[in-house]
């Protein structure tokens, strides 16, 4: 096989095995992340653990039973009358108890149920956080790809301008300054291209690490794209929704409920407890007893009754426990108010951030058209001699910078919409599906 054919074969194999994988939508990558992201899985397992913990608290309301058995060997000596007995005692018994009045156990069960609500709110927060984290990594890759594309397009344009400057210098229609300016700008674009390639590589690795897919390839936005508007267009409505539904607020509210239940439980330290108890015990003496030696005896004992336990004095432990829980209840109330204030501020910031982003997109779209017109005018002026080379280079740089800024602004608006819904606690897969419809389908 000739070296040329070997080279062709090598290139064909590289193309076959190095072909890019099918591009994935945002929803597809989020679904993969759910099976891979350890943060979300930890929150899901925490909910499972909370359910089991609540069932443990239920045990304090249900009957309990136990079985006991034993064998004992005893040697007894009596001097008058003379008795020397080595006897074996065998016993087996079963006992059961049913709480009739134990208010602390009832409150423990209620706290266990509220613990499930806390874990569910934590899972909701982790789910919404996962949606935002994957979306952020997704748009970071798209933005890095756009930056590299624009830098490469600028490199082509600058190289053409450099070639034109060299030709004009050779024919004497321009100075060497034009060639040197174009060469300097070309070298700068090469450096930007290297940085953009590295940034894209890093962003892709971050996305792969998050979703557990090697070589994830996001779908780009359709062009032209119609960005969604914020609905409702009222910051007060978003703040009210956040204070009612945001997972952090829900957790703080449940923590307050649990603290109030803890105060009630501390107060039960003065109350009595009542249990229904029953038992059945069998005792057998194969060798008899001291009073009846040598006779095989068996005793059956059954009992049923109600046990009352009334605390009288515990060294002021109950009173001090109540004081402690009241202070913790006030702390939980303060924590709830702090959380509500922080959520309201975060929601306002997210709402105005989206509005600002939409305004930036409109301004950059106008700037893109103006920059293109300015570049065309400078090229024409350079050809007729009223503009110099640096004017064209600056116009090119301004155009591609505007294109990069516009692409980034669009991604920021889409991500800002998701973050706004996360701040309000309403972010769901439907919001991600709405963004999917803006992606260019394969």
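No lab work stands behind these numbers, since they all come straight from the coordinates. As the structure is a computational prediction, the values presented were derived from the model and not from experiment. In this analysis, Cβ positions are derived from the backbone assuming ideal geometry, glycine residues included, and neighbour counts consider all displayed protein chains.
Per DSSP H run of at least 4 residues, take -39500 (n - 2.57); add these up for the chain, divide by its residues and hand me the 222 nm value, nearest 500 deg cm²/dmol.
Estimated from H runs of four or more residues: -24000 deg cm²/dmol.
Could you state the number of Å between the C-alpha centres of the stretch 308-339 and the stretch 214-242?
If you average the Cα positions of each part, the centres end up 46 Å apart.
Please state the relative contact order of the chain as a whole percent: Cα pairs under 8 Å, 6+ residues apart?
24 percent.
Select from 75, 378, 342 the residue whose mean-square fluctuation is largest in a Gaussian network model of the chain (Cα-Cα springs shorter than 10 Å).
Result: 75 has the largest fluctuation of those listed.
If you take the beta carbon distance between residue 366 and residue 113 as r and set R0 to 60 Å, what does 1/(1 + (r/R0)^6) give as a FRET efficiency, to the nearest 0.05?
Between residue 366 and residue 113 the formula returns 0.60.
Would you mind pulling out the separation of the Cα centroids of the stretch 346-374 and the stretch 255-284, in Å?
Centre-to-centre (Cα) distance: 63 Å.
Could you tell me the center-to-center distance, by alpha carbons, between the stretch 35-77 and the stretch 400-426 in angstrom?
About 49 Å separates the Cα centre of the stretch 35-77 from the one of the stretch 400-426.
How would you rank 138, 186, going from fewest to most other Cβ atoms within 10 Å of each one's own Cβ? Kindly include the intermediate steps, with their values, before the conclusion.
On the way: 138 28, 186 18.
Ordered from fewest to most neighbouring Cβ atoms within 10 Å, 138, 186 come out as 186, 138.
Rounded to the nearest 0.05, what FRET efficiency do residue 236 and residue 436 have when you use their Cβ-Cβ distance and R0 = 30 Å?
Details: r = 30 Å, r/R0 = 1.00.
The calculated FRET efficiency here is 0.50.
Just 284, 404, 180 to compare: in a GNM of the chain, with alpha carbon springs under 10 Å, which one fluctuates most?
284
Quick one: helix 235-245 against the long Cα principal axis of the chain, what's the angle to the nearest 10°, folded into 0 to 90?
30
What angle do you read, to the nearest 10 degrees and between 0 and 90, between the alpha-carbon axis of helix 317-384 and the longest principal axis of the chain?
10
If I model a spin label as a point 7 Å beyond the Cα along the Cα-Cβ vector, how far apart are those points for residue 323 and residue 345 in nm?
Simple spin-label model gives 3.4 nm for this pair.
Taking 0.36 nm per intervening residue step and subtracting the Cα-Cα distance, what contour gain separates residue 104 from residue 48 on full extension?
17.7 nm
Roughly what angle does helix 38-58 make with the longest principal axis of the chain, taking Cα atoms, 0 to 90 degrees, to the nearest 10?
Tilt relative to the chain: about 20 degrees.
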